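One structure is given below, encoded as structure tokens.
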Amino acid sequence: MNEERKIETEQVDAVTPPPRGRVPETVTETFERKRDYLAGFLSGEKDETAGGPGGDLQAAVVEVLKSIYDPEIPVDIYELGLIYNVEVSEDGDATITMTLTTPHCPVAESLPQEVELRAMAVPGIRDAVVNLVWDPPWDPSKMSDEARLELGML
């Protein structure tokens with residue numbers, strides 16, 4: 001009963017994240033939902049010329065991001081300058097680099113998830129990953145002229 005047990009530990013520098021779950025393109029049946037954020041993903045529609053930088057898919061993702069508003073400021077997150085980069089691969093994988101106005105933002109936990117869900121709802125997008133960064137930090141100079149006009153800063 002009183003045997004001494006030795007616990008061994010191993011020091012590692014980094015751990016690779018597990019692969020993200022993906023729905024195969026051969027999905028034929030969908031399940032009924034009231035609001036299906038995955039409709040575009042599950043539809044399997046894909047335009048071969050739409051991917052890549054400046055493509056139709058990237059423009060569609062940016063358009064969806066312009067429909068997400070900061071709850072405290074009446075400006076969408078794209079015009080507010082919170083979206084630093086939107087990349088769409090040839091396979092339809094979207095990578096969105098974004099920040100928040102402050103690390104203590106009340107929507108710090110929910111806004112990146114909403115961005116990911118809305119991006120995955122775009123037809124032709126297979127997967128979406130949101131990278132939340134703090135460098136460079138956000139400041140009002142990152143806002144578009146439309147956002148400044150809306151906030152009375154022009």
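Please verify whether P74 is modelled with pLDDT under 95, part of a loop (DSSP other than H, G, I, E, B) and not polar (S, T, N, Q), treating the condition exactly as stated. So that I can check it myself, show each step before the final result.
Values: modelled with pLDDT under 95: yes; part of a loop (DSSP other than H, G, I, E, B): yes; not polar (S, T, N, Q): yes.
Yes; evaluated as a whole, the condition is true for this residue.
Restricting attention to the range 56-100, which residues are open to solvent by 70 Å² or more (accessible area, probe 1.4 Å) and more than 16 Å from P140 (Cβ to Cβ)?
Passing the criteria: D56, E63, Y69, P71, E87, E90, D91.
For I125, all conditions in the list (1) closer than 26 Å to P19 by Cα; (2) free of Cβ contacts under 8 Å to residues at least 40 places away in the same chain; (3) assigned to a loop (DSSP other than H, G, I, E, B); (4) not acidic (D, E) hold save one; what is the number of the exception?
For I125, the failing item is (2).
Would you point out which residue out of P112, P137, P103 is farther than 21 Å from E150 by Cα and surrounded by 13 or more Cβ atoms within 10 Å (Cβ to Cβ)?
Details: P137 fails: surrounded by 13 or more Cβ atoms within 10 Å (Cβ to Cβ); P103 fails: surrounded by 13 or more Cβ atoms within 10 Å (Cβ to Cβ).
Every option except P112 fails the conditions.
Just to be sure I understand the filter: pairs with C-beta atoms under 6 Å, separated by 6 or more residues or on different chains, first member in the range 129-149 and without any contact (Cβ under 8 Å) to a residue 24 or more places away in the chain, second member assigned to a loop (DSSP other than H, G, I, E, B). Which pairs pass?
Listed by first residue and then by second, the contacts come to R148/L154.
The values are calculated or read from the model by the stated rules, or taken from the named source; none is laboratory data. This one's a predicted model, so the numbers in the text were calculated from it and none came from an experiment. Every residue, glycine as well, gets a Cβ built from its backbone with ideal geometry; the counts of neighbours run over all protein chains shown. Surface accessibility is based on the protein's heavy atoms, side chains included, excluding ligands, DNA and RNA. Shrake-Rupley method; radii C 1.70, N 1.55, O 1.52, S 1.80 Å.
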